[in-house]
Amino acid sequence: MYGVLRGKAGSLAGYMDMQKIPCFIYQEGVHFTLPPEIAAPRRHLCEFAVAERHGSPQPAPEVFRPVERPEDASVFLFPWDIGQYIDSGNIEAITAVIASLPYFAGRERRHLVVDYADRPTPLPLPACLFKVSLLRSDATNAVPTWYRLPEHSLKARPSFDWRQVRYQLSFVGSYSNEVRRAAVLSIQKQAPELKFFLSVSQGFAVSDGKMIVKSADPMSQAERQEIFLKSMRESLLALCPPGVGPQSIRLYETMLMGRIPVLFGDNVQYPLEKEAAYDAFCLRVSTDELLDTGNIIREFLRSHSEEELRDKCVLACQTWNRLFARNKLRTLLEQAGKLYGLTF
């Protein structure tokens, strides 16, 4: 077999390279120019692009084979994450940039665009859109993707030394929306016996001593990151309420750390739902059940043995590594192919 591969492609490495998706990447200053109102000094590469040492964006090498001629490409990559422009109110400007790309017309669905805006704002173009915080009602027009994890999370290592576990549940964050406040208050009222590690940026008074509360002010960012990771290692479940949009980065951080995510809401489209089988390792709280969160979590813990809970923790970590690690980007493209009828 190896001899056949060598004969066809010159080497096994050459054969594997030919299996990658031929990709044409647009270069700023050559194929497009960002207008002054959105040409911010801090730009974020999309998930499918990497920067070489000299700073020029290139397609992710584990997925794509870069090509120089557009006629040789199966997909066309816009290198910048457009979410920052949408969040800043410049959706019309960035839409105009993408629409004017020289090879966009007639190949719209083969143009890969990544939007990490934490809002469900759609892109008014028929491009192949990858979107976080995607509502189910918008799932026919975009591929749900996951949040880009920060470096402090990616550097963390999951721990399955169960002797470190001190709490049943944790949440580190802020009361930035009603879902977060309602969930925490419900736990306090309905399940005060739970060992709950809570660290919030606003003061929150409790009197029974079983809910651990630490003020985040005036903590540094590094201190807060360490508290977040420590709380993950020391608890079995982690609240993953929505952020500004319907989804939460905490889902993926919790999976990476090998803990059980508690998800909220009914209308969120999570990435690779069939492949990930979230219900095997997550606890879901529907919108109608939000004010009953404490009872739901207490019953969940009562109905599962320690061994079953630990198995869910391990499965969460395994699922993240199987589907959401940096070298698994092709799974997103396969989902896009099913949605848009593309072949790579």
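The values are calculated or read from the model by the stated rules, or taken from the named source; none is laboratory data. Quick caveat, the model's predicted, so the values are computed rather than measured. Neighbour counts run over all protein chains shown; Cβ positions are idealised from the backbone, glycine included. Heads up: the accessible areas ignore ligands, DNA and RNA and are worked out on the full protein's heavy atoms, side chains in. Shrake-Rupley method; radii C 1.70, N 1.55, O 1.52, S 1.80 Å.
Provide the FRET efficiency to the nearest 0.05 for the residue 326-residue 152 pair, computing r from the beta carbons and using R0 = 25 Å. For R0 = 25 Å, the calculated efficiency reads 0.95. Summed over the residues of the chain and divided among them, the accessible surface reaches 47 Å² per residue at a probe radius of 1.4 Å. Taking the Cα centre of the chain as reference, the dipole from Cβ charges on Lys and Arg (+1) and Asp and Glu (-1) amounts to some 760 debye. Seen from a random direction on average, the alpha-carbon convex hull of segment 241-334 projects onto 6.5 square nanometres. Across segment 108-119, rounded Karplus estimates of 3J(HN,Hα) from the backbone phi angles (6.51 cos²θ - 1.76 cosθ + 1.60, θ = phi - 60°) give 3, 5, 8, 8, 8, 10, 10, 10, 9, 4, 8, 9 Hz, Gly and Pro being marked x. Rounded to whole numbers, the Karplus 3J(HN,Hα) couplings from phi for segment 160-170 are 10, 7, 5, 5, 6, 6, 10, 10, 7, 8, 9 Hz, using 6.51 cos²θ - 1.76 cosθ + 1.60 with θ = phi - 60°, and x at Gly and Pro.
Considering the chain as a Gaussian network with a 10 Å cut-off on Cα pairs, which listed residue, 99, 49, 39, attains the greatest mean-square fluctuation? Evaluated over the chain, the most mobile residue of the options is 39.
Max-minus-min Cα coordinates of the chain on each principal axis give 67, 54, 37 Å, with the largest extent listed first. Once the mean of 1/r is taken over each pair of separate Cα atoms and inverted, segment 118-202 shows a Kirkwood hydrodynamic radius of 16.6 Å.
Per-peptide packing, taken as the mean over residues of other Cβ atoms within 10 Å, places 112-118, 181-187 in the sequence 112-118, 181-187 from highest down. An ellipsoid equivalent to segment 233-284, defined through the eigenvalues of its Cα gyration tensor, has semi-axes of 17, 14, 9 Å when rounded to whole angstrom and sorted largest first. Could you tell me which of the pairs 131/230; 131/312; 195/328; 230/312 are separated by over 24 angstrom between their Cα atoms in the structure shown? Table pairs above 24 Å Cα-Cα are 131/230; 131/312; 195/328. Using just its DSSP H runs of length 4 or more, each adding -39500 (n - 2.57), the chain gives a mean residue ellipticity at 222 nm of -8500 deg cm²/dmol after division by all residues. The value of relative contact order for the chain, using C-alpha pairs under 8 Å at least six residues apart, is 15 percent. From most to least packed by mean Cβ count within 10 Å, the peptides 57-64, 269-276, 160-167, 334-341 give 57-64, 269-276, 334-341, 160-167.
Considering the options 116, 149, 293, tell which one lies farthest towards the positive end of the dipole of the chain, charges being +1 on Lys and Arg and -1 on Asp and Glu at the Cβ, about the Cα centre. After comparing all options, I get 149. Of the accessible area of the chain, computed with a 1.4 Å probe over protein heavy atoms only, carbon and sulfur atoms account for 52 percent. Name the residue, out of 199, 153, 220, whose mean-square fluctuation peaks in a Gaussian network model built on the chain with Cα pairs under 10 Å. Judging by the Gaussian network model, the answer is 220. Each residue of segment 258-269 is assigned a 3J(HN,Hα), and the resulting list reads x, 10, 8, x, 9, 9, 10, x, 10, 10, 8, 9 Hz, derived from the Karplus form 6.51 cos²θ - 1.76 cosθ + 1.60 (θ = phi - 60°), x at Gly and Pro.
Taking amide H positions as modeled 1.01 Å from N, with prolines and chain starts lacking one, the residues under 5 Å from residue 49 and 5 or more places away or on another chain are 60.
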